[in-house]
1. Select, from 45, 62, 29, 36, the only residue that is modelled with pLDDT of 85 or more and open to solvent by 50 Å² or more (accessible area, probe 1.4 Å).
2. Taking interchain pairs and intrachain pairs at least six residues apart, which have beta carbon atoms under 7 angstrom, with the first residue in segment 188-211 and free of Cβ contacts under 8 Å to residues at least 40 places away in the same chain and the second not in a helix (DSSP H, G or I)?
3. Show the residue pairs meeting these rules: Cβ distance below 6 Å; 6+ apart or different chains; first residue within segment 264-286 and within 18 Å of residue 254 (Cβ to Cβ); second residue hydroxyl-bearing (Ser, Thr, Tyr).
4. Failed condition for residue 205, given (1) in contact with a helix residue (DSSP H, G or I) (Cβ under 9 Å, 6 or more places away or on another chain); (2) more than 22 Å from residue 101 (Cα to Cα), with all others met?
5. If only one of 237, 293, 250 is in contact with a helix residue (DSSP H, G or I) (Cβ under 9 Å, 6 or more places away or on another chain) and surrounded by 17 or more Cβ atoms within 10 Å (Cβ to Cβ), which one is it?
6. Do we find that residue 72 is closer than 20 Å to residue 187 by Cβ, at pLDDT 90 or above and open to solvent by 50 Å² or more (accessible area, probe 1.4 Å) in this structure?
7. If I filter segment 162-191 down to residues being outside any helix (DSSP H, G or I) and touching a helix residue (DSSP H, G or I) at 6+ places or on another chain (Cβ under 8 Å), which single residue comes out as modelled with the highest pLDDT?
Amino acid sequence: MRVLPSERLIPGNSESAPLPDSHSELPPVIRRTEFVAFALAGLLVIAIATVLYVGKAFFLPVVMAFVTGTMLSPAATFLERRKVPRALGAVLIVIAVTTVVAFVVALIASPAMEWSSRLPELGAELKEKLHVFDRPLALWRELQAMVGGAPDGLPNFQIPKFEWVQPTLEFLSPTFTEFLLFFATLILFIASWRDLRRALIMTFGDHDARLRTLRILNEIEVHLGNYLLTVSVINIGVGVATGIVCALTGMPNPAGLGALAATLNFIPIIGPIAMFAVLVVVGLIAFPTISGGLVAALAFGGITFMEGHFVTPMIIGRHLALNALAVLLALAFWTWMWGPIGAFLSSPLLIVALIVKEHLLPADSPQLPQD
């Protein structure tokens, strides 16, 4: 009797038992090569993050210039179509943006310098008004003593010292060299963006790779330009609304507070929280009662709630949906990496990463089965 290949006898076994077909499906196993590839990819990510962190003085202004230049590139293209040389257009755009930023900084710096000269006086005044919380704190300590906790478990409320002001300003203020590197890179990047695009596309020899690169660069330029324009308009609206609220509630220097609100709103999550804290402190100092001092801060909270939950998702969500968890993780990572400027860059860099991911891993690639 002829034995089929799939029914070969197993040695030492008296009965005929078919062996499994060599072409049958085997359970998925992580092979050594795949493990090595994952390990190398992880080491590459760690190495890149380490280099970016250590070389912050160089990479931060360069990346900031690249991202800002990509956002402003459509404006240079618009001027170029109006017969304005691209190099001259780049200089004009940078001058215009610098003028606007300087105007906003002047609005914020004038009251900030005035208040910084009165920090001890303002701190004593704020501490005096917060004595209203002494009785609740005392009741809390008595409650702790009754349940067996330490009677001194919660100390008296103390106003923090203002020794953090100078280190904070040093942390926020880049050096002159970083400023110079940023502006020089920004102007040159905008002026030569078309040549850089062409050189990057022609780096690939395959036609499909060139076409994919062209689509990625075009989409990045369009999305970042729309993001800057849209977010700027939204934040200006938040600043104007905050200034009006501060003026109606009698807060000091409503124009400066509105400009500060618009500026801080460029930083997701952290910016609105910091602005809320600023309004609380200013309100408690400026008004005789705590309830009166909290009106502007609560109104600002309502403005940012409407902006964050309705206005921004309705406008930006139509162009590029950003996952809330991804935004939070990107914000935390880039803030840890590069501080407040990294927080500003977190959303644009996340947009770039999502665009690259969509083109390199399209939706028609193999997907996980649905639950």
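1. Numbers: 62 fails: open to solvent by 50 Å² or more (accessible area, probe 1.4 Å); 29 fails: modelled with pLDDT of 85 or more; 36 fails: modelled with pLDDT of 85 or more.
Residue meeting the stated conditions: 45.
2. Taking only residues 6 or more apart or on different chains, the pairs are 210/204.
3. Once the first residue is within 18 Å of residue 254 (Cβ to Cβ) and sits in segment 264-286, its partners that are hydroxyl-bearing (Ser, Thr, Tyr) give 272/304.
4. With (1) in contact with a helix residue (DSSP H, G or I) (Cβ under 9 Å, 6 or more places away or on another chain); (2) more than 22 Å from residue 101 (Cα to Cα) applied to residue 205, the lone miss is (1).
5. On the way: 237 fails: surrounded by 17 or more Cβ atoms within 10 Å (Cβ to Cβ); 250 fails: surrounded by 17 or more Cβ atoms within 10 Å (Cβ to Cβ).
Checking each option against the conditions leaves just 293.
6. On the way: closer than 20 Å to residue 187 by Cβ: yes; at pLDDT 90 or above: yes; open to solvent by 50 Å² or more (accessible area, probe 1.4 Å): no.
The answer is no for residue 72.
7. Pass one, segment 162-191, residues outside any helix (DSSP H, G or I): 162-164, 173-175.
Checking which are touching a helix residue (DSSP H, G or I) at 6+ places or on another chain (Cβ under 8 Å) leaves us with 162, 174-175.
On the way: 162: 46, 174: 63, 175: 71.
Taking the candidates together, the pick is 175.
Conditions tested, residue by residue: (1) modelled with pLDDT of 85 or more; (2) loosely packed, with under 14 Cβ neighbours inside 10 Å; (3) not in a helix (DSSP H, G or I).
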{"site": "311", "(1), (2), (3)": "no, no, no"}
{"site": "314", "(1), (2), (3)": "no, yes, no"}
{"site": "318", "(1), (2), (3)": "no, yes, yes"}
{"site": "321", "(1), (2), (3)": "no, yes, yes"}
{"site": "328", "(1), (2), (3)": "no, yes, no"}
{"site": "334", "(1), (2), (3)": "yes, no, no"}
{"site": "349", "(1), (2), (3)": "yes, no, no"}
{"site": "362", "(1), (2), (3)": "no, yes, yes"}
{"site": "369", "(1), (2), (3)": "no, yes, yes"}
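The values are calculated or read from the model by the stated rules, or taken from the named source; none is laboratory data. Only a predicted model underlies this, so the values are computations on that prediction, with no experimental measurement involved. For neighbour counting, all protein chains shown are included, and Cβ atoms are generated from backbone atoms with ideal geometry for every residue, glycine included. Heads up: the accessible areas ignore ligands, DNA and RNA and are worked out on the full protein's heavy atoms, side chains in. Shrake-Rupley method; radii C 1.70, N 1.55, O 1.52, S 1.80 Å.
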